[in-house]
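Only one structure is covered here, and it is reproduced in the block below.
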Amino acid sequence: MKESMAVIESPLGADPEVRRLYDRAANRYDRLNNLMSFGTSNWYRRRTILSLELPTDASLVDVGSGTGSLALAAQRFLPDSSAIIAVDPSPEMRALASRAGVRDVRDGSFASIPVGDASMDAMVSGFAIRYVEDLSEAFAEACRVLRPGGRLVLLEMVIPRSPAKQRLLRFLIRGLGAHVCSLACGSRAIGELMRHFWDSISSFESPELVVESLKKSGFLDVEYRYVGGLLGEFRARVPVE
């Protein structure tokens, strides 16, 4: 199995300063993702969409879409879909997603997803759930937009619990990684984003708490799966009425 060390995506529910940080780094975003995932970013996006096992005409919303990579993968593997929607609060990210070829890009967040009730067959999100302040509110909104039986996959970075491993990762990401990636991408904003990235993943809720919140929100078949490196995913399904 391929492993990714870390991936950086767009913020959902973040404060204005965090959004500005992502806006400033937007033009170097995809280059940074490729560096930090050791070239595995296309693999995990393809894997995410295919793992949903959706019919080719299924509808899907990507919340916290960033530059639109997951939505683009969905457009590739769901060629008959009439509704593949990328949602992000950052205007810079939305502009990049549109230029990359995402057909439907909208302003929004987990707190307010701009699609109709029970209108989506699936929802995906790449590394944005850690920015949500109220998980129960976000998951209630996810339930609102998904059809009965609709599927949810949330990709997220989860750090190991060992203090020694955490100290090493802090140095590799917030210290060395911030310096090297800033030089490689030719942008000081990338270094700032790397330091913020570590702060956000190191303060994220435990997988157990996220799973419990999904269950309390009414989702079924809830599970957390370790994928590789720091990458994990939360998977769930809306009940069939």
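The values are calculated or read from the model by the stated rules, or taken from the named source; none is laboratory data. Because the structure is a prediction, the values reported are computed rather than measured. Using ideal geometry, Cβ is built from the backbone for each residue, glycine included, and neighbour counts are taken over all protein chains shown.
Conditions (1) touching a Phe, Trp or Tyr at 6+ places or on another chain (Cβ under 6 Å); (2) part of a helix (DSSP H, G or I); (3) surrounded by 15 or more Cβ atoms within 10 Å (Cβ to Cβ), marked per residue:
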| residue | (1), (2), (3) |
| --- | --- |
| Ala122 | no, no, yes |
| Arg130 | yes, yes, yes |
| Ser136 | no, yes, no |
| Arg147 | no, no, yes |
| Ile159 | no, no, yes |
| Arg167 | no, yes, no |
| Phe204 | no, no, yes |
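Based on what the data block shows, is Ala118 crowded, with 24+ Cβ neighbours inside 10 Å and of a type outside the set (Lys, Arg)? Break it down stepwise before answering.
Values: crowded, with 24+ Cβ neighbours inside 10 Å: no; of a type outside the set (Lys, Arg): yes.
So Ala118 does not fit the description; no.
Scanning segment 45-70 for residues that are at pLDDT below 95, in contact with a Leu (Cβ under 7 Å, 6 or more places away or on another chain) and more than 20 Å from Ala142 (Cβ to Cβ) gives a single hit, Thr67.
Taking the criterion of being in a loop (DSSP other than H, G, I, E, B) and either within 14 Å of the chain's Cα centre (by Cα) or of a type in the set (Asp, Glu) (or both), the residues of segment 57-85 that qualify are Asp57, Gly64, Ser65, Gly66, Thr67, Gly68, Asp80. The listed residues are Ala128, Ala122, and the only one of them that is within 24 Å of Phe219 (Cβ to Cβ) and more than 12 Å from the chain's Cα centre (by Cα) turns out to be Ala122.
Give the residue that is nearest to the chain's Cα centre (by Cα), with candidates limited to residues of segment 206-226 that are in a loop (DSSP other than H, G, I, E, B) and among the polar types (S, T, N, Q). The residue in question is Ser206.
Restricting the search to segment 95-118, which residues are assigned to a helix (DSSP H, G or I) and either over 27 Å from Arg20 (Cβ atoms) or at pLDDT 95 or above (or both)? Answer for segment 95-118, where residues must be assigned to a helix (DSSP H, G or I) and either over 27 Å from Arg20 (Cβ atoms) or at pLDDT 95 or above (or both): just Ser98.
Determine which member of the set Ala86, Ala73 is buried (at least 21 other Cβ atoms within 10 Å of the Cβ), among the small types (Gly, Ala, Ser), modelled with pLDDT of 70 or more and within 22 Å of Arg225 (Cβ to Cβ).
Ala73
Do we find a residue being more than 19 Å from Leu155 (Cα to Cα) and of a type in the set (Asp, Glu) anywhere in segment 206-213? Steps first, please.
Within segment 206-213, the first condition is being more than 19 Å from Leu155 (Cα to Cα), and the residues that meet it are none.
No: segment 206-213 contains no residue that is more than 19 Å from Leu155 (Cα to Cα) and of a type in the set (Asp, Glu).
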